[in-house]
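Take a look at the structure below.
The values are calculated or read from the model by the stated rules, or taken from the named source; none is laboratory data. Small disclaimer: the values here were computed from a predicted structure and weren't measured. Using ideal geometry, Cβ is built from the backbone for each residue, glycine included, and neighbour counts are taken over all protein chains shown. Protein only, heavy atoms only, side chains kept; ligands, DNA and RNA dropped before computing areas. Shrake-Rupley method; radii C 1.70, N 1.55, O 1.52, S 1.80 Å.
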Amino acid sequence: MKQVRPKKNLGQHFLTDLTIARRIADTVDAYPTLPVLEVGPGMGVMTQFLAQKPRPLKVVEIDRESVAYLHEHFARLHDNIIGEDFLRMDLRQLFGGGQFVLTGNYPYDISSQIFFKMLDNRDLIPCCTGMIQHEVAVRMAAPPGNKQYGILSVLIQAWYDVEYLFTVEPTVFNPPPKVQSAVIRLTRNSVQHLGCDEKLFRLVVKTTFNQRRKMLRVSLRQMLPNDALPTILSSPFATLRPEQLTIAQFTELTNLVEQALQGNT
């Protein structure tokens, strides 16, 4: 079978450098006993190295042409080649409902959605590794006070420790992307509960960062009726901007917002 043609509508950029492919595959060894799920294997440049590891491996690929290629070239994976959309999958149906390591050369245009799905299944995924767009990796790893610190930083760092492992140049892809790539590893931290309403936490984070240049007393007005605002206006967060808050402070702010909302009912 001939090689798969990269499809622009799927955001496919096939990695061609075997040394880098092996380095990415080896990032899963942080959890050497867990099975692995690879997202978007394409023609299997990473799969060939993952398959050498003594652990269960499944791959999920939405592109039918790539699925056919994988079946021809990785026949021993057979039933472990899943021709589905990762974003629509029930991850509890994999590996008997047990934990696994998530990895892949993630399509740039859906990488954030992949990580939000990871967060929704964090009890199943103690480790996530892979390659993403450089600027997204920088945002994920950014600390408070950094201009790159934002929604993705807070929501991921609330539950995972983020490691920026190395940068990958565009020249090792077919076709070459217009930006640099980066390999990251996310390791589940010890947090089991944030100490606040988690849905409200997400809403507070997204609302404030959507107006990141404004003080919190301004950006939170859209969430609160006028008579609930004094709770926020009298808090130490009133004159701060979202990039100044740690995750613990976002938790405290979420509890203040909830208190203000309940006091208004």
Carbon-plus-sulfur fraction of the accessible area of segment 58-169, 1.4 Å probe, in percent?
45 percent
Which percent, to the nearest 5, of DSSP beta bridges fully inside the chain are antiparallel?
55 percent
Just to be sure I understand: with springs between alpha-carbon atoms less than 10 Å apart, which residue in E84, E61, E243 has the highest mean-square fluctuation in the Gaussian network model of the chain?
E84
For the chain, what does the helix formula give at 222 nm: sum of -39500 (n - 2.57) over DSSP H segments with n ≥ 4, over the residue count, nearest 500 deg cm²/dmol?
-9000 deg cm²/dmol
Collect residues whose amide H, placed 1.01 Å from N in the peptide plane, falls under 5 Å from the amide H of F166; neighbours closer than 5 in sequence don't count.
V183
With the 1.4 Å probe rolled over protein heavy atoms, segment 1-154 has an accessible area per residue in Å² of 45 Å²
Average Cα contact separation per residue, the chain, under 8 Å, 6 or more apart, as relative contact order %:
16 percent
Estimated inter-spin distance, D123 and N174, nm [label 7 Å along Cα→Cβ]:
4.4 nm
Calculate I(q)/I(0) for segment 137-187 by the Debye formula, one identical point scatterer on each C-alpha and no solvent, and give its log10 at q = 0.16, 0.33 Å⁻¹ to two decimals.
-0.52, -1.18
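Tell me the trypsin sites (Lys or Arg not before Pro) within segment 177-262 that lie in a loop according to DSSP and have at most 10 other beta-carbon atoms within 10 Å.
Those that pass, being in a loop and sparsely packed, are K178, R213.
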At 1.4 Å probe size, with the rest of the protein present, what percent of the exposed accessible area of segment 190-265 is carbon and sulfur atoms?
48 percent
Excluding near-sequence neighbours (fewer than 8 apart on one chain), the chain holds lysine pairs with C-alpha atoms under 21 Å apart numbering 8
Here the tail fraction of P(r) beyond 20 Å, over all Cα-Cα pairs of segment 65-217, rounds in percent to 57 percent
Non-local amide H neighbours of F14 (under 5 Å, H modeled in plane, Pro and chain starts lacking H): which ones?
N174
Cα-based shape type of segment 71-135, given that a ≥ b ≥ c are square roots of the gyration tensor eigenvalues and the cut on a/c is 1.5
oblate
Under 10 Å, Cα contacts only: if you run a Gaussian network model on the chain, which one of Q244, Q93, Q48 comes out with the highest mean-square fluctuation?
Q93
Treating only Lys and Arg (+1) and Asp and Glu (-1) as charged, each at its beta carbon, one finds that the chain has a dipole about its Cα centre, in Debye to the nearest 20, of 540 debye
What FRET efficiency comes out for the pair Q211/Q113, r = Cβ-Cβ distance, R0 = 25 Å, nearest 0.05?
0.65
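Pull out the extension gain between L87 and E72, defined as 0.36 nm times the separation in residues minus the alpha carbon to alpha carbon distance; nm, one decimal.
2.9 nm
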Using the Cα atoms of segment 142-224, I'd like the radius of gyration and the largest Cα-Cα distance, Dmax, both in angstrom.
16.5, 50
Pairwise centroid distance, computed over Cα atoms, of segment 51-120 with segment 200-265, Å
38 Å
Among T47, T19, T103, which one shows the highest mean-square fluctuation when the chain is modelled as a Gaussian network with alpha-carbon springs under 10 Å?
T19
Could you state the orientation-averaged shadow area of the convex hull built on the Cα atoms of segment 1-143, in nm² to one decimal?
8.5 nm²
